[in-house]
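K.L.:
Got a structure for you, questions after.
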């Protein structure tokens, strides 16, 4: 039987062949989705898709992009937002 912690669907099932020639299932952690823009839902560049326990160990410069709304909006949407705030 499989251990209880592996019954969860939060683990990815990967079929591998071990050195003895036997096919077994290994349980791996799923990779998280890429960060998305809050307005247009485009993929944010420069922000790694990592799990929280490894993401928290990164430096601040590795976690975000150095511009206003970096890490929240893509470059196009942040540019439009800044222009609209200037017009007001």
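Here, each number is a calculation from the coordinates, and none is a lab measurement. Model, not experiment: these values are computed from the prediction.
K.L.:
Which one is right for this structure if mean projected area of the Cα convex hull in nm² is calculated from it: (1) 8.2; (2) 5.6; (3) 8.9?
P.N.:
The listed entry that was calculated here is (3).
K.L.:
Right, next: Under 10 Å, Cα contacts only: if you run a Gaussian network model on the chain, which one of 11, 34, 22 comes out with the highest mean-square fluctuation?
P.N.:
Maximum fluctuation in the GNM of the chain, among the listed residues, is at 22.
K.L.:
By how many nm would the segment from residue 40 to residue 59 grow when fully extended, if each residue of separation counts as 0.36 nm and the alpha-carbon distance is taken off?
P.N.:
4.2 nm
K.L.:
Want the number for residue 15 to residue 28: 0.36 nm per residue separation, take away the alpha-carbon distance, what's left?
P.N.:
Extra length available between residue 15 and residue 28 comes to 3.6 nm.
K.L.:
What number, rounded to the nearest 500 deg cm²/dmol, is the helix-based mean residue ellipticity at 222 nm of the chain, given -39500 (n - 2.57) per DSSP H run of at least four residues and division by all its residues?
P.N.:
Dividing the helical sum by the residues of the chain leaves -6000 deg cm²/dmol.
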